1. Run through the DSSP bridge list for the chain and note the antiparallel percent, rounded to the nearest 5.
2. Just from its helices, what would the mean residue ellipticity at 222 nm be for the chain, if runs of 4 or more DSSP H residues each count -39500 (n - 2.57) and the sum is divided by every residue, rounded to the nearest 500 deg cm²/dmol?
3. When the dipole is taken about the Cα centre of segment 1-160, and only Lys, Arg (+1) and Asp, Glu (-1) are charged at their Cβ, what size is it in debye, to the nearest 20?
4. Taking N as the number of residues in segment 1-56, what is its alpha-carbon radius of gyration divided by 2.2 N^0.38 Å?
5. Which angle between 0 and 90 degrees, to the nearest 10, do you get for helix 178-188 versus the longest principal axis of the chain when only C-alpha atoms count?
6. Counting each pair of different Cα atoms once, what's the Kirkwood radius of segment 1-152 in Å, rounded to one decimal?
7. In terms of the Cα gyration tensor, with a ≥ b ≥ c the square roots of its eigenvalues, is segment 164-204 rounded because a/c is under 1.5, prolate because a/b exceeds b/c, or oblate?
8. Compute the Rg/Rh shape ratio of the chain: radius of gyration over Kirkwood radius, all on alpha-carbon atoms.
Amino acid sequence: MSKLRMGVIGAGLWGNNHAHTFKVLPETELIGVCDLDEGRALKMKDTFGAARAFTDYMKLISSDDIDAISVATPDFTHAPIVLAALKAGKHVLSEKPLATTVKEAEEIAEAAARSSGKLMVDFHNRVNPILTQVRDMIQDGQIGLAKHGNARLSNTTFVPFEMLSWAAKSSALWFLGSHLVDVLRFILADEVVRVYSVARSGTLSGRGVDTKDFHVSILEFCKGTVVTMENSWILSRDNPSLVDFKIEFVGEKGQIQADPTHNGGLRRIGEGGLKYNDYIGITPTGETRIGGFVLESIARFVDSVMRGAPLLADAQDGLANTRILAAIEESVASGKAVNLASAGA
């Protein structure tokens, strides 16, 4: 195969990141784009030079001139699209979470094992330069065994009220916690064996978005590390960034503290107060290269298909992620801790 012929499903913010990447990389050709909104699909087609635009994802998937599909649709819609693409023998890049039920995630993992195509989950923080350094420090034993930690990935109310039209069908846990759970598994190279979580509602539902305000969860890992995890959608809009991302580990021989939120070297003060501009996630580069970890992770999918490089995160990583998030939801509902071995599917 001289070029990987791509189709992108979902013309929102992240779908545009996918389309941009496939337009720029010399190994890829953007053949088709798809969105339920025909106007958005056509705009994406024109912006990134795709050959065709679709409103029916099955028509895109069934196209003989498309080798691989990237799925950048809302959280709760991934499973049927991924399953259809795998059944068609396509390579698949899926945004997180892979699925929002354990049953769906298991079906996808089984389909991926049977399919001739590769499946990668776009957990892009696995190439975040700050977090890869944290992983290296932990795995090199620089603080000894990580005994306990705190992890926070939360948004201001802008995200559920304005950025996501489908926020009521998701939550900060699924939208953000899916990233954070994967980051913790990645950094610690360990598996969650037990969770306990509480959540509260009222702030969002009182203004028409019927979902949880936040989840605060305790994750126990196999090697003994205990992490308190926060995912909230009710942070004040006065924050200088709509994302608040912090991780700390306390070990036998020291501590590690990471704040991937703010690119503190680039600050802007004006109407609305202090703002931080991104210069890590997306950075300028040459016409045939991708800069920044947000786009680099998409390019890693191409590396895997075209050159046999290891997948950044596979179906089993996606399944483990969904199992943990589902166990957290089960704990919230029951008011009890949940062991992963007995978490409901």
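The values are calculated or read from the model by the stated rules, or taken from the named source; none is laboratory data. The structure presented is a predicted model; accordingly, all values stated were derived computationally and were not measured. Here the Cβ positions follow ideal geometry from the backbone for every residue, glycine too, while neighbour counts run over all protein chains shown. These area figures cover heavy atoms from the full protein model, side chains too; ligands, DNA and RNA do not enter into them. Shrake-Rupley method; radii C 1.70, N 1.55, O 1.52, S 1.80 Å.
1. On the way: 34 of 60 bridges.
Restricted to the chain, the bridges split so that about 55 percent are antiparallel.
2. Working: 9 runs with 108 residues, N = 345.
After summing the helix terms and dividing by the residues of the chain, the value is -9500 deg cm²/dmol.
3. Working: 18 positive and 19 negative charges, 46 e Å.
That gives a dipole near 220 debye.
4. 1.00
5. It is inclined by approximately 70 degrees.
6. Values: mean 1/r = 0.0602 Å⁻¹.
It works out to 16.6 Å.
7. Numbers: a/c = 3.78, a/b = 1.79, b/c = 2.12.
Here segment 164-204 falls in the oblate category.
8. Numbers: Rg = 19.8 Å, Rh = 20.8 Å.
Ratio of gyration radius to Kirkwood radius: 0.96.
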